[in-house]
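S.K.: My questions all concern the structure below.
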Amino acid sequence: MISIQAIKNSIDDLKTITKVEFGVYDPAGSIQTATSEVEHPGTAVVTGFAASPADSQVIGQHHLLKISDGEETVYILDAIGSSEDTYTYGRIAVSSLQNLIQAYKERFDRGGFFQNLIMDNLLLVDIYNRAKKLHIDNNVRRVAMLIETAPDKNAMGQEVLGGMFSPQNGDYITSIDENGIVLIKKLESDQGYEDIRAIADTIVDMMQMEAMINVRVAYGTIVGELKDVSKSYKEAMMALEVGRIFYNENRVAAYNNLGIGRLIYQLPENLCHMYVEEIFGDNIPDDLDEETINTINKFFENSLNISETSRQLFVHRNTLVYRIEKLQKQTGLDIRLFDDALTLKIALMVVEYLKNMENNR
């Protein structure tokens, strides 16, 4: 529902243009806001007019007009003045406020519509009917993007996104919980996943620069119909979770680029335990120090190249070899060999997945 402050801002602007004083009352006769300390026409007068079938009434200098939301009278406008133009200015004010109320209502309704849409709370026929009433196109290319924030940063995050994306351009922003903001992004016919990735990177950068908020962004696949937006949203949720578990250093996760993390995430827990025990036995490496983890990751990044890895780590080649041999004693795997390196990479990801499952219980 529209805020009283928004109504006050509107009638203040109208007063500046017309030099007419305005007051806004509820149907019970209580004043809601005014351009100044205006004279009250009387509670009985306002309530009587609100209950009457008339659209307007003039009492002395008070020009009373109804502000409606559909067929319901939601406010009474009092345009105060003795000139012949006062009534006309009152009509202009009523038209302006009714359009403003409708715009706020559509914005609120659209947010609720997209919340229900992505949560699969709507029947197919309801999706099309409500979308038509809310002026939302059906056959448009869209992608669901999920922006994860800290709970106390959610409102600020929505404000920043609101400045970046507008419903006028076909983009809609809603919120599911205190940690997540959902952006339903409209795409042009020539925009693909590279463009979506660029948008996600921009969101991360803008959140950091404009509001000092560290966010994680995930997105699903491109869909061509409104009913499939919920599918894209669920994919974004999965991408966010997989990215958090397996690729925590990345701020953006794409459903179509999750790598082996996608497979591990969908494995049953008992199979994961069996695999880890098969590889490590009782010596599960769940407490590797940061130096060892960094060495492993850098070694993998450099395609098992000892010389390049030692150069990037700023250590002597023999020091790196010592670390690798120490890891071999711990795990029984020599990551200088491709098969062992691959086995360790997957096994460590499975261990991380199991730790995450345990922490979420």
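S.K.: If each of ILE346 and ILE92 carries a label point 7 Å out from its Cα toward its Cβ, how far apart are those two points in nm?
M.R.: In this crude spin-label approximation the distance works out to 7.4 nm.
S.K.: Moving on. Pop out the carbon and sulfur fraction of the accessible area of the stretch 258-329 as a percent, whole number, probe 1.4 Å. Before the final figure, lay out each step's value.
M.R.: Working: 2260 of 4720 Å².
Of all accessible area on the stretch 258-329, carbon and sulfur atoms account for 48 percent.
S.K.: With unit charges on the beta carbon (Lys/Arg positive, Asp/Glu negative), name the residue among LEU327, ILE199, ASN359 whose Cα is farthest towards the positive pole of the charge dipole of the chain.
M.R.: The residue sitting farthest along the positive end of the dipole is ILE199.
S.K.: Taking 0.36 nm per residue of sequence separation and subtracting the Cα-Cα distance, how much length would be gained by fully extending the chain between ASN305 and GLN328, in nm to one decimal? Show your work: numbers first, answer last.
M.R.: Numbers: separation 23, 0.36 × 23 = 8.28 nm, distance 1.67 nm.
Between ASN305 and GLN328, full extension yields an extra 6.6 nm.
S.K.: Taking only Cα atoms and a 10 Å spring cutoff, compute GNM fluctuations for the chain and point out the largest among ARG141, ARG244, ARG317.
M.R.: ARG317
S.K.: Heavy atoms only, probe 1.4 angstrom, no DNA, RNA or ligands counted: give me THR16, THR319 ranked by accessible area, highest first. All intermediate terms of the calculation are to be shown ahead of the outcome.
M.R.: Values: THR16 95, THR319 55 Å².
Descending order: THR16, THR319.
S.K.: Under the classification rounded if a/c is under 1.5, otherwise prolate if a/b is larger than b/c and oblate if not, where does the stretch 90-156 fall, given a ≥ b ≥ c as square roots of the Cα gyration tensor eigenvalues? Could the numbers behind the result be given before it?
M.R.: Values: a/c = 2.58, a/b = 1.31, b/c = 1.97.
Oblate.
S.K.: To the nearest 20 debye, what charge dipole does the stretch 26-78 have about its Cα centre, counting +1 at the Cβ of each Lys and Arg and -1 at the Cβ of each Asp and Glu?
M.R.: Numbers: 1 positive and 8 negative charges, 27 e Å.
Value, rounded to 20: 140 debye.
S.K.: Which one, ASP78, ASP289, ASP120, has the greatest fluctuation when you compute a Gaussian network model over the chain with C-alpha springs under 10 angstrom?
M.R.: Among ASP78, ASP289, ASP120, the largest mean-square fluctuation in the Gaussian network model of the chain belongs to ASP289.
S.K.: Starting from the stretch 145-244, pick out the GluC sites (Glu not before Pro) whose DSSP state is loop and whose Cβ has at most 16 other Cβ atoms within 10 Å. Could you put the intermediate results ahead of the total?
M.R.: Working: sites: GLU148, GLU159, GLU178, GLU188, GLU194, GLU210, GLU225, GLU235, GLU241; in loops: GLU178, GLU188, GLU225.
Of the GluC sites (Glu not before Pro), the ones in loops of the stretch 145-244 whose Cβ has at most 16 other Cβ atoms within 10 Å are GLU178, GLU188, GLU225.
S.K.: For the pair ASP120/ASN99, report the inter-label distance in nm, with labels modelled 7 Å from Cα in the Cβ direction.
M.R.: 4.2 nm
S.K.: Same structure, new question: If you take the charge dipole of the stretch 1-136 about its Cα centre, with +1 on Lys and Arg Cβ and -1 on Asp and Glu Cβ, which of LEU117, SER3, VAL38 is farthest toward its positive end?
M.R.: LEU117
S.K.: Find how much the distance from ASN318 to GLU278 grows on full extension, using 0.36 nm per residue of separation minus their present alpha carbon separation; answer in nm with one decimal. Numbers along the way, then the final one.
M.R.: Numbers: separation 40, 0.36 × 40 = 14.40 nm, distance 3.07 nm.
Stretched fully, the ASN318-GLU278 segment lengthens by 11.3 nm.
S.K.: Quick check: Cα centre of the stretch 122-155 to Cα centre of the stretch 186-234, how many Å?
M.R.: 13 Å
S.K.: Could you point to the residue in GLN168, MET212, ASN294 farthest towards the positive end of the chain's charge dipole, with +1 and -1 charges on the Cβ of Lys/Arg and Asp/Glu respectively?
M.R.: Looking along the dipole axis, the top candidate is GLN168.
S.K.: Also, quick follow-up: Do the sum for the chain: with -39,500 (n - 2.57) for every DSSP H run of n ≥ 4, divided by all residues, what is the mean residue ellipticity at 222 nm, to the nearest 500 deg cm²/dmol?
M.R.: Values: 13 runs with 191 residues, N = 361.
Mean residue ellipticity at 222 nm (helix-derived): -17000 deg cm²/dmol.
S.K.: Within the stretch 225-345, what is the number of lysine pairs with alpha carbons under 24 Å apart, leaving out pairs fewer than eight places apart on the same chain? Before the final figure, lay out the partial values.
M.R.: Numbers: LYS298/LYS326; LYS298/LYS329; LYS298/LYS345; LYS326/LYS345; LYS329/LYS345.
For the stretch 225-345, qualifying lysine pairs total 5.
S.K.: Here's something else I'd like to know. Any idea what the dipole of the stretch 122-178 comes to, in debye rounded to 20, about its Cα centre with Lys/Arg Cβ at +1 and Asp/Glu Cβ at -1? Don't skip to the end; give the middle numbers.
M.R.: Working: 6 positive and 8 negative charges, 84 e Å.
Rounded to the nearest 20 debye, it is 400 debye.
S.K.: While we're here: Quick check: residue separation of GLN168 and LYS227 times 0.36 nm, minus the Cα distance between them. What number comes out in nm? Before the final figure, lay out each step's value.
M.R.: Details: separation 59, 0.36 × 59 = 21.24 nm, distance 2.04 nm.
Result: 19.2 nm gained on full extension.
S.K.: Additional query: Over what distance in Å are the Cα centres of the stretch 1-78 and the stretch 156-184 separated?
M.R.: Measuring centre to centre over Cα atoms gives 33 Å.
S.K.: In a Gaussian network model over the chain where Cα atoms closer than 10 Å are linked, find which of SER95, SER230, SER166 has the largest mean-square fluctuation.
M.R.: In this elastic network of the chain, the residue with the biggest mean-square fluctuation among SER95, SER230, SER166 is SER95.
S.K.: Where Rh denotes the Kirkwood radius from the mean inverse Cα pair distance, what is Rg over Rh for the stretch 212-289? Please list the in-between numbers first.
M.R.: On the way: Rg = 16.0 Å, Rh = 14.5 Å.
Rg/Rh: 1.10.
S.K.: Run the dipole for the chain about the Cα centre, Lys and Arg Cβ at +1, Asp and Glu Cβ at -1, nothing else charged, and hand back the magnitude in debye, nearest 20. Could the numbers behind the result be given before it?
M.R.: Details: 34 positive and 53 negative charges, 104 e Å.
Computed about the Cα centre, the dipole is about 500 debye.
S.K.: Still on this structure: The list (1) 62, 21, 17; (2) 45, 23, 18; (3) 35, 23, 20 gives values of semi-axes √(5λ) of the Cα gyration tensor in Å, and only one came from this structure; which label was calculated from it?
M.R.: (1)
S.K.: Between the DSSP loop rule and a limit of at most 14 other Cβ atoms within 10 Å, which GluC sites (Glu not before Pro) in the stretch 1-77 are left? Could the numbers behind the result be given before it?
M.R.: Details: sites: GLU21, GLU37, GLU39, GLU71, GLU72; in loops: GLU37, GLU39, GLU71.
In loop regions of the stretch 1-77 (DSSP not H, G, I, E or B), the sparsely surrounded GluC sites (Glu not before Pro) are GLU37, GLU39, GLU71.
S.K.: In square angstrom, rounded to the nearest 10, how much accessible surface does HIS63 have for a 1.4 Å probe?
M.R.: HIS63 has an accessible surface of roughly 20 Å² with all protein chains in place.
The values are calculated or read from the model by the stated rules, or taken from the named source; none is laboratory data. Everything numeric in this text was worked out from a predicted model, so none of it was measured. Glycine gets a Cβ as well: all are built from the backbone with ideal geometry, and neighbour counts include every protein chain shown. Surface areas here come from the heavy atoms of the whole protein model, side chains and all, with no ligands, DNA or RNA. Shrake-Rupley method; radii C 1.70, N 1.55, O 1.52, S 1.80 Å.
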